[in-house]
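Data first, discussion second: the structure below is written as structure tokens.
Only the coordinates and a few stated rules stand behind these numbers; no lab work does. Everything numeric here is computed off the predicted structure, so don't read it as measured data. All Cβ positions, even for glycine, are placed from backbone atoms using ideal geometry, and neighbour counts span all protein chains on display.
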Amino acid sequence: MTPDLSADARTQLDWLSRGEVSAVDLLEAHIARYEAENPKLNAVIAVDLGAARARAAALDALLAEGRSAGPLHGLPMTIKDVFDVDGLPAVCGAPEFAGREAKVEDAELVKRLKAAGAIIWGKTNTPYMAGDVQTYNKVYGVTNNPHDLTRTPGGSSGGAAAALAAEITPIEVGSDIGGSLRTPAHFCGICSLKPSYGLVPLTGHVPPEPGSDEGIPDLAVAGPMARSVADLQLLLSVLAPDQPRGDLPSDLAACRVAIWDQDAAFKLGKDCAGAVSIIEQIAQKTGANVSKAKPDIDSVDLIDIYQRLLMSIITSGLPAIARFGMHAVKPIAYLFARKGEFSQANTIISATQNPAKIAEAQGERDKMQAACATFFETHDVLIAPVTPIPAFTHQTDKSLFTRKIDIDGTTEKYATLFDWIALATLCYLPAAVIPVSTTASGLPVGVQIIGAEGQDAKVLAIAALFEAALAGSTAA
């Protein structure tokens, strides 16, 4: 058969298990797709086709003996270039890592993927050190959105999302500390899950720099990306086989759904507000218990604590000279700092906090986590926007703090892109993104489906119910 690469991963795995297509042929089909589509996208930036072809042949031989390597047996895939893969070491868009030796130890989650039978044949692009809402760097260049090449696919898992949307790969694994799984999914019209903190192993992730003994940073997670929620569930079962499950809802009518689409501190454009409204209407029509609500957390305080912790982590690996410079200008930064605002002044202050100040911020985060735990005692999920706008045109000049975005004709700070994703990151909550609608120009728009810490399986179950309802309404 000629594989239809628009099919989801589960369907492709069914072909493989039934012998309708071989692992070798499925790999070659994806390579052909890569060769046809990637030149205009620049989503996949490194490949190891020789090793992949040898592995596909070995997996076909294993299946011919009646044996399976695992639930991903023979499935070809790419993976975000922040994870070390033997033969494809992580560069993460950093010129200082571009000369790494090819022979490296697989990241822990890569070991799990390979043990499950996956064939990792390529790496997908990221911004420099995974540090932007767009995907571009001096090593590999700019990645384009498959829906509009003049626009970004998001970041930092932008190459992964673009490859999925372009059917170059059926599944991917990304990482997230500032919306890096969720924003690209929203911008490219695919699905993702930012898991609860600590659920999926991050050993072998860059940053921090290769060989670092810093350990797993606060806030950072790795998670699945795919074109269906069912594929997210399958991939999460491989990445986190010991995840808690409990009783999962099978009907939206049994769900308590909170809607958070209005916030005095956060901007929101009409397209993204409209996507949340569609989910709200579906929930109401299916008999769910729907309310306008969010955890009892002040949004200005949320952004303040998020930035204080986030920037202390992101800047921890800066050279000593850079940190010395920040300390030197810190008194001036205080003159321009505004609470709850992503700004250069606040970044300098956050980067130069002493341990007592970091502990103070962590204590405030603990209170917010407690407020979330209380909230999810009476709500199953919280529906929220991902960003204020859909994918925007490339902005690779200026700094993160001087760039601007347009929200329905109003110019706003680029850093507003971090507002709606902050809650799930700061409070360790699982957050799935599913595509919901498209703009008048055909750009995808998604929503976040956020749940209680540790209830990743429940979040995905409810996301699948909404996905099915959306498919049904489209069919009707």
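What are the ³J(HN,Hα) couplings of region 410-418, residue after residue, when phi is run through the Karplus curve with 6.51, -1.76, 1.60 and θ = phi - 60°? Round to Hz, x for glycine and proline.
So the Karplus estimates, Gly and Pro as x, are 10, 7, 10, 5, 3, 5, 5, 5, 8 Hz.
Provide the net charge surrounding VAL290, with neighbours chosen by a C-beta distance below 9 Å and charges set as Lys +1, Arg +1, Asp -1, Glu -1.
+1
Based on DSSP H runs of at least 4 residues, each adding -39500 (n - 2.57), what is the mean residue ellipticity at 222 nm of the chain after dividing by all its residues, to the nearest 500 deg cm²/dmol? Don't skip to the answer; put the middle values down first.
Numbers: 14 runs with 182 residues, N = 476.
Calculated from helices alone, the mean residue ellipticity at 222 nm is -12000 deg cm²/dmol.
Less than 12 Å Cβ to Cβ from ALA118, Lys/Arg counted +1 and Asp/Glu -1: what total charge do the surrounding residues give?
Numbers: positive: ARG55, LYS111, ARG112, LYS114; negative: ASP106, GLU172.
Around ALA118, the charge tally is +2.
Ordered by residue, what ³J(HN,Hα) values in Hz, to whole numbers, does region 251-258 give under the Karplus form 6.51 cos²θ - 1.76 cosθ + 1.60, where θ = phi - 60° and Gly and Pro are x?
Result, rounded to whole Hz: 8, 4, 4, 8, 9, 9, 10, 9.
By how many nm would the segment from ALA264 to ARG245 grow when fully extended, if each residue of separation counts as 0.36 nm and the alpha-carbon distance is taken off? Numbers along the way, then the final one.
Details: separation 19, 0.36 × 19 = 6.84 nm, distance 3.54 nm.
Net length gain for the segment: 3.3 nm.
Please give the FRET efficiency for THR11 paired with ASP406, using the beta carbon to beta carbon distance and R0 = 45 Å, rounded to the nearest 0.05.
Working: r = 39 Å, r/R0 = 0.86.
That gives a FRET efficiency of 0.70.
Cβ neighbours within 10 Å, averaged per peptide: list 406-412, 48-54 in order, most packed at the top.
48-54, 406-412
Tell me the label only: which of (1) 142; (2) 200; (3) 228 is volume of the Cα convex hull per residue in Å³ as calculated from this structure?
(1)
Using label points projected 7 Å from each Cα along Cα→Cβ, tell me how many nm separate ARG18 and THR396, to one decimal.
4.4 nm
Among the listed pairs LYS123/LYS398; LYS123/LYS270; LYS80/LYS357; LYS138/LYS357; LYS123/LYS330; LYS285/LYS458, which have their C-alpha atoms separated by more than 31 angstrom in this model? Working shown, then result.
Values: LYS123/LYS398 27 Å; LYS123/LYS270 35 Å; LYS80/LYS357 33 Å; LYS138/LYS357 35 Å; LYS123/LYS330 39 Å; LYS285/LYS458 21 Å.
Over 31 Å Cα-Cα: LYS123/LYS270; LYS80/LYS357; LYS138/LYS357; LYS123/LYS330.
Quick one: putting +1 on the C-beta of Lys and Arg, -1 on the C-beta of Asp and Glu, what dipole do you get for region 306-412 around its Cα centre, in Debye to the nearest 20? It would help to have the intermediate numbers written out before the result.
Values: 11 positive and 10 negative charges, 117 e Å.
Taking the Cα centre of region 306-412 as origin, the dipole is about 560 debye.
Sum up the charges of everything whose Cβ sits under 13 Å from the Cβ of THR11, counting Lys and Arg as +1 and Asp and Glu as -1, but leave THR11 out.
Computed value for this residue: -3.
Given H placed on each backbone N at 1.01 Å, which residues far from ALA46 in sequence or on other chains put an amide H within less than 5 Å of it?
LYS123
I need the phi-derived Karplus couplings for region 56-71: 6.51 cos²θ - 1.76 cosθ + 1.60, θ = phi - 60°, integer Hz, Gly and Pro marked x.
Karplus-based 3J(HN,Hα) across region 56-71 equals 4, 5, 5, 6, 4, 5, 5, 5, 5, 8, x, 10, 10, 7, x, x Hz.
Aspartates and glutamates near LYS292 by alpha-carbon distance under 20 Å, same-chain residues fewer than 8 away left out - which ones?
Answer for LYS292, where 20 Å is the Cα cut-off: ASP261, ASP263, ASP271, GLU280, GLU377, ASP380, ASP419, listed by chain and number.
Charges at C-beta only: +1 for Lys and Arg, -1 for Asp and Glu. How large is the resulting dipole of region 300-362 about its Cα centre, in Debye rounded to 20?
Numbers: 6 positive and 4 negative charges, 34 e Å.
Dipole about the Cα centre, nearest 20: 160 debye.
At 0.36 nm per residue, and after removing the present C-alpha to C-alpha distance, how many nm does the segment from ASP366 to ALA115 gain when stretched out fully?
86.7 nm
Using the Cα centre as the reference, give the magnitude of the dipole from point charges on the C-beta atoms of the chain (Lys, Arg: +1; Asp, Glu: -1; all else neutral), rounded to the nearest 20 debye. Let's see the in-between values first.
Working: 39 positive and 54 negative charges, 147 e Å.
About 700 debye.
Do any GluC sites (Glu not before Pro) in region 2-59 lie in a loop, going by DSSP, with at most 13 other beta-carbon atoms within 10 Å of their beta carbon, and if so which?
When the GluC sites (Glu not before Pro) of region 2-59 are filtered for loop state and at most 13 Cβ neighbours within 10 Å, GLU20 remain.
Would any residue of region 420-460 have its amide N under 11 Å from a label point 7 Å out along Cα→Cβ of VAL300? List them or say none.
The answer is none.
Rank the residues MET1, MET368 as a footprinting-exposure proxy: fewest other Cβ atoms within 10 Å of their Cβ go first. It would help to have the intermediate numbers written out before the result.
On the way: MET1 7, MET368 20.
In order of increasing Cβ crowding within 10 Å: MET1, MET368.
Check which residues have an amide H placed less than 5 Å from GLN448's amide H, if you skip close sequence neighbours.
Under 5 Å from the amide H of GLN448: ALA384, VAL386.
Restricting to DSSP loop positions (anything but H, G, I, E, B) with no more than 13 other Cβ atoms inside 10 Å of their own Cβ, which trypsin sites (Lys or Arg not before Pro) remain in region 116-151? List each step's numbers first, then the result.
Details: sites: LYS123, LYS138, ARG151; in loops: LYS138.
Of the trypsin sites (Lys or Arg not before Pro), the ones in loops of region 116-151 whose Cβ has at most 13 other Cβ atoms within 10 Å are LYS138.
With both partners inside region 68-224, how many of the DSSP beta bridges are antiparallel, as a percent to the nearest 5?
Numbers: 9 of 14 bridges.
Antiparallel: roughly 65 percent of the beta bridges in region 68-224.
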